[in-house]
Every structure is written in C-alpha cells, then in structure tokens.
Amino acid sequence: MALYDQGYRHWDGALSGHATRWLTITQHGVRQALRNKWLVGLLLLSQLPMIGLSFVAYGMLQAGDRIAQMEGADAAAVRMAEGLGADFFMKLVPMEIFWVVVICAFAGAGLVARDRESRALEIYFSRPLTRLDYLIGKFGIIFTFSMFATIVPSLLLYAVAVICQPTMGYLKQTWTMPFALAAVSIVISTSASAVVLAFSSLGSRYRLVAVGWIGFYFVSIGFAQMLFGLTKQPEFTIVGFMNNLERVAIALLGATVRREYDYSWMWSALVLAVLTFGGLLLVLRRVRAVEAVK
Amino acid sequence: MTTNPQPEPVTMKPATMKKTPAPVDPSAPVVLNHVSRWYGEVIGVNDIDVSIPGGVTGLLGPNGAGKTTLIRLMTGQIRPSKGEVRVLGESVWNNPGIYRRIGLCPDLDSFWETMTGYEFVRYTARLAGYSAGDASTRALAQLDRVKLTHAKDRKVGGYSKGMRQRVKLAQAMVHDPELVVLDEPLTGLDPVGRREVIELVRELGEQGRHVVVSSHILHEVEAMTPRILLIHRGRIVAAGEVHDIRAMIDEHPHRIEIECDDVRALARRLLEFDDVIRVAIEDDAKRLRVETVRPDDFYSRVPELAIETGIGIERMTSSDDNLEAVFHYLVK
C-alpha cells in the first residue's frame, strides 16, 4: 500500500518578482484614492488652467491667420512660435504647481501618516517588501496624481496649439517643447511628491500633515517674497519652494527670466534636489514595521 | 543601563519541565541564540536561548512578560539588540524574502479601515506576490476559513472586535506560510469565535505547519497545544507540557473566594475534605476564602454541595487563575 505524505506543502505556483512589488502598492493606492470623488474633482479642476489657456491660444491663432494673409505662412509660423512659445507655456507652470500642492495635500498627506496611524506598516513589513519598495510604491501614488495635474495639461495645451495651426511650421519651430514640458512636469511632481511624503512620515494625523504641507508651501513663498522685497537680491527667492520650481521651469522651457529669478537656475535645482532626496531619505528612516524606542 | 529585576533560577518539580535550559536545536523552525532586546533602558527580552520545534507551540506569559517583543523578534519586525534569530533556517532580520514563508497576526489592530475585508486580505496576498486572480481566490478561501464570507464586502472599520481578529488571521494565512505566528489571537473573540480559532490553530498544526501562538491565559493555550514556552520578565522560565504546569499549580494552595448566603454552613462542609487546607470567613460574613491543593476537584465539588445543602452561592472567584500567580509559584 502506498503511503502519501500528509504534511504541509507550500503553494508552488509562480509569484511575481521582487522588482515590481512596489507596483502593487502604487496600483492599489491609486485605485483606492480614485474612489474619493473629491480627489477626482480636484484632478479635473487641475485641467481648468489648460482649458483657459487653450482659448488664449485659439485667439492667437485667429491673429496668426491675419498675419498669414498679410505676411505669408512662414512669417506667421515664426510669429506663432514666439507668441505660443516658452513664455506662453510658462504661464501654465505656477497654476500647475498650485494644483499639485492642493492634490498632494489631499492625496499625499495621508499616504504614510494613515499607515502609521492604523499600524498598517506592521502588515506591510510582514510581507516580502523592503522599505525601499514601500517608499517607491507610495511615491508612485502621489507622483501619478501630480503628473496628471502637470504633464496632461501641458501636453494637451501644446497639442491644442499645434492642432490649431494651419501649417506645420509651428511644429517645426517648437518640436522640443513637449520634452521641456515633460521635464518640467517631472521636476514639479518629483519634488512635491518627495516633500509631501516626508511630511506624511512625520505625523500620524493626515489633516495636520496636510496643514503642515500647505503651510510650508505658502510660508516659504511669503518668506522668499519678503526677503526679495527687503533686499532686492533675487538669490533670496531660493527659500521659496514654488520659486525654485519656477526658476527651474524657466530654465528648462527657455522662458524669459524675470527679475526675481535673475540668478543661476542651478541653485534652485540644487535646493530641489536636496529637498527631494532629503525627503525620501527621511521617509526611509521614519518607516518601520514597529515603532520602538531605541 | 538599568534592567528589570530578573526572576530567580527556575526550580520545577515535574520531571518533564526543563530545570536547565534545553540544548538549542539549530534545525528547529525557530532558533533564538542568546537574544536580548532593549527599549532604551528598559529590557524587553533578556538573553533568550531557545529553539522552538515544529508543530504548535504556545508562548505563555502574563501581560508585559515580553511575549510581543519575542514575537516581533521572531518575525523580524524589530532587530535584536544582541544575539541572532533564525527562522526556517534563515536569519530573519532584514530578510524580506523570508516573509513568503511566515504569516504574522499582530496583537493590535493593524489594517486600513476603509477597505473591505475582502480587499484587505486580497491586498496582503498581492503584496506577497500573488497575481490578481490567485490573490482573489486565496482571499475568498481564507475569509471562508475564518467564517467571514458573509461580511467580506463590509468595511473593516465597521467590523466588531471578533471580526477584526478573524480578518487578521485570514491575512496571516493567505500566502500559505510554513510558520504562522499569532499574537494573542483570541483577544476579543466570543466563546464561539474562540472555539473556532482554537480549532483553526489545531488544524494548522495537523497540516504540518509550525505555529507559535501567544496568550496570557493558560487554558486557552492548553486548548491549542500541549507544548508551551513560559516567558516572564523577558526570560524563558520554562519549556514543556501544559499538564506539568497544571501539576505545579495543583501542588500549591489555590485560593478561591466564595460569596454565599450561609458562609458558616458551607465552611463546615468544606473542611471535611482533605484537599481543603484552610477556610477563612471574611469580615463581612458573606464571603469565604478557601485554600485548596486540588482546585479541579474543588470546582467540581462545589455545585454538588450547593445542591445538597441548599446554600445559595452567588459568586466564586479565584485570584490564582491569573498567570501572574502561576509564575509566582514557578519562580519562587
């Protein structure tokens, strides 16, 4: 008689690799967040500046038609590239930053704080996950929403500008613009996501975290404006979070440098890099399965 | 550094209880090599050198004994200040891969209140690496196993304490772990829920899994496994079979308080039995304090006495039922 082993046998099917484990956290987090109608509303509202500027672009197109009739198509393309160029797209950037800040407060403040509050970190870290997986997964959630509020309106606005042109001249003149817009979106989204995650890791009450994050944003802008107003030294604006984002965006888009940003964009890039990496490192340090006194 | 006062060396009478530390078996599923853990100046566990064999093992100790710290060390949730913890042949600290093989049911509520029970368990399966389809199947199976199918679509935030406990059990088992570590799994469960979880733990053991289950209630552990580790003040004070503990308790006077309507009559009857070594009438003349060396016999006898004599017994309590008393016996 054959005797069969009745002991425990582990499931031997395929498990997903470790490299994409963070993606599970991101996918799940995005899906959960999108159940919130308020967030969906905010994401839609974040497209309003693009719609407004699309009308402006359309108005400029009408002017372009008149130029084309009077001075020819090539001249019109050149004039359109000037009118719908870097400075035009730069108008979108402060509004994108604003919406990213609002969305980060709404969807990002609780990402780590809620896990800390509900002790869910213990569940995460009783799974085959590293702290880095957790960090990337959470970062992915807020980065996704931030990108929706930045890259989507930017590229749609560019698409509107291109589609409305009677010739391909404008596209030839501005073909690098989508890449610059994507780069600006990535800079804004990365910096804001990292900093809001850092704020989130500092508390366990997400409302307080959200207030802290918005306070940081406005206080830093106010401080930058005050220092600039008192000293007239543009370098002082690097204390403002938004100011640094704008300064880097101006450099990436090749827009006209305003007086308060009359310093090397590298300084702002450095500040943003420090905030981004510092924020992510802080999250890594703060995230533990169990909070224990050392 | 100051530490908690340590218990005196263990002196135990029954032969099967280990007077001296048992040799550590390096091939055991859980091996702790001289593990200590401090929280600042407070010691959580102190120089624990023990191996936990396969099957179901109860980790028994009073509140604050160090059970949860030991479980967190065992599951790599915290790093030992000293020593090494090896689980299923691997070092457990900073080794996320091992969590494919370990299932943890934490003592406190740890979940996302806005998820439904199904979403919660499914998500934990996804985090363990299962595909969306497999995770769904497994989540449903585990919810069925812990009798939560009817509430799977309700938000965890609306669950009762018992349901929360069961959904935690489901997530601990959803990835089919070899070692299941359950920290106070019976807390908050009603008698039916307790019985179901006890059955579940036994079933896990019968399937060949290793289970470590903690509790501060002796009879709960006894119902799940005969093999226990006793922890007190951060140290393992004994390892062995539950009946040995029982025997030790029975060898010591067991104090029982009885409230009844005729204390003197009941006292007279109780003194007739040889296991009753002392009976005292409290000042209010409504309560008896009895000391017996055979509590099980005593408990079975009292209802018969009440019927026979017609004495109305209002309440019967024993301060010795708590585990502190057991440890007092063990370490004195």
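The values are calculated or read from the model by the stated rules, or taken from the named source; none is laboratory data. Nothing here was measured: the structure is a model prediction, and the numbers come from that model. Heads up, the Cβs are rebuilt from the backbone with ideal geometry, glycines too, and the neighbour counts pull from every protein chain shown.
Matching residues to (1) in a loop (DSSP other than H, G, I, E, B); (2) within 11 Å of chain A (Cβ to nearest Cβ); (3) over 25 Å from the mean Cα position of the chain (by Cα); (4) closer than 24 Å to residue B:48 by Cα:
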| position | (1), (2), (3), (4) |
| --- | --- |
| B:76 | yes, yes, no, yes |
| B:80 | yes, no, no, yes |
| B:84 | no, no, no, yes |
| B:99 | no, yes, no, yes |
| B:110 | yes, yes, no, no |
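Restricting B:217, B:198 to those that are away from every other protein chain (no Cβ under 14 Å) and more than 18 Å from residue B:103 (Cβ to Cβ) reduces the list to B:217.
Among A:270, A:227, A:208, A:284, which is within 14 Å of another protein chain (Cβ to nearest Cβ), over 16 Å from the mean Cα position of the chain (by Cα) and not in a loop (DSSP other than H, G, I, E, B)?
On the way: A:270 fails: within 14 Å of another protein chain (Cβ to nearest Cβ); A:227 fails: within 14 Å of another protein chain (Cβ to nearest Cβ); A:208 fails: within 14 Å of another protein chain (Cβ to nearest Cβ).
From the options A:270, A:227, A:208, A:284, the qualifying one is A:284.
For the range B:24-43, the set of residues classified as assigned to a strand (DSSP E or B) and among the small types (Gly, Ala, Ser) consists of B:36 only.
In this structure, is residue B:120 within 9 Å of chain A (Cβ to nearest Cβ), part of a helix (DSSP H, G or I), in contact with a Phe, Trp or Tyr (Cβ under 7 Å, 6 or more places away or on another chain) and at negative phi? Yes; evaluated as a whole, the condition is true for this residue.
Among residues of the range B:31-49 that are touching a residue at least 60 places away in the same chain (Cβ under 8 Å) and on the phi > 0 side of the Ramachandran plot, those with a Cβ under 8 angstrom from a residue that is of a type in the set (Val, Ile, Thr) and surrounded by 22 or more Cβ atoms within 10 Å (Cβ to Cβ), sequence gap 6+ or separate chain, pair up as B:47/B:35.
Residues checked against (1) surrounded by fewer than 22 Cβ atoms within 10 Å (Cβ to Cβ); (2) more than 14 Å from chain A (Cβ to nearest Cβ):
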residue: B:34; (1), (2): yes, yes
residue: B:38; (1), (2): yes, no
residue: B:57; (1), (2): no, yes
residue: B:65; (1), (2): no, yes
residue: B:91; (1), (2): yes, yes
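So which helices (runs of 4 or more DSSP H) stay within the range B:139-246 end to end and still have 2 or more residues that are under 16 Å from residue B:107 (Cα atoms), in contact with a strand residue (DSSP E or B) (Cβ under 9 Å, 6 or more places away or on another chain) and at pLDDT 90 or above?
Numbers: elements: B:161-173, B:191-206, B:218-224.
Output list reads B:161-173.
Among residues of the range B:143-161 that are more than 14 Å from residue B:171 (Cα to Cα), those with a Cβ under 9 angstrom from a residue that is of a type in the set (Gly, Ala, Ser) and surrounded by fewer than 14 Cβ atoms within 10 Å (Cβ to Cβ), sequence gap 6+ or separate chain, pair up as B:151/B:158.
Return the residues of the range B:139-150 that are surrounded by 14 or more Cβ atoms within 10 Å (Cβ to Cβ) and either of a type in the set (Val, Ile, Thr) or within 27 Å of the chain's Cα centre (by Cα) (or both); say none if nothing qualifies. Break it down into steps so the answer makes sense when it comes.
Start the filter on the range B:139-150 by keeping residues that are surrounded by 14 or more Cβ atoms within 10 Å (Cβ to Cβ), which leaves B:139-143, B:145-149.
B:139, B:141, B:142, B:143, B:145, B:146, B:147, B:148, B:149 - these are the residues of the range B:139-150 that are surrounded by 14 or more Cβ atoms within 10 Å (Cβ to Cβ) and either of a type in the set (Val, Ile, Thr) or within 27 Å of the chain's Cα centre (by Cα) (or both).
The set of residues in the range B:305-318 being at pLDDT below 85 and exposed (fewer than 14 other Cβ atoms within 10 Å of the Cβ) consists of B:314, B:315, B:317. I'd like to check something: does the range B:120-131 contain any residue that is surrounded by fewer than 19 Cβ atoms within 10 Å (Cβ to Cβ) and in the same structural domain as residue B:54 (by TED's automatic domain parsing)? Yes, the range B:120-131 has at least one match. When the range A:104-144 is filtered for residues that are part of a loop (DSSP other than H, G, I, E, B) and within 13 Å of another protein chain (Cβ to nearest Cβ), the ones remaining, listed by number, are A:118, A:119, A:120, A:125, A:126, A:127, A:128, A:129, A:130.
Can you pull out every residue in the range B:44-60 that is touching a Pro at 6+ places or on another chain (Cβ under 8 Å) and part of a strand (DSSP E or B)? Explain how you work it out, then say what you get.
Taking the range B:44-60 and keeping what is touching a Pro at 6+ places or on another chain (Cβ under 8 Å), we get B:49-54.
The answer is B:49, B:50, B:51, B:52.
Across the range B:257-314, the number of residues qualifying as of a type in the set (Val, Ile, Thr), outside any strand (DSSP E or B) and over 31 Å from the mean Cα position of the chain (by Cα) comes to 4.
Among the residues making up the range A:9-55, none is modelled with pLDDT of 95 or more and in contact with a His (Cβ under 9 Å, 6 or more places away or on another chain). Of everything listed in (1) within 24 Å of residue A:130 (Cα to Cα); (2) more than 9 Å from chain A (Cβ to nearest Cβ); (3) surrounded by fewer than 22 Cβ atoms within 10 Å (Cβ to Cβ), the single unmet condition for residue B:154 is (1). For the range B:47-70, the set of residues classified as in contact with a helix residue (DSSP H, G or I) (Cβ under 8 Å, 6 or more places away or on another chain) and over 13 Å from residue B:236 (Cα atoms) consists of B:55, B:56, listed by residue number. A count restricted to the range A:244-272 and to residues that are more than 19 Å from residue A:199 (Cβ to Cβ) and either touching a residue at least 24 places away in the same chain (Cβ under 8 Å) or surrounded by 15 or more Cβ atoms within 10 Å (Cβ to Cβ) (or both) stands at 20.
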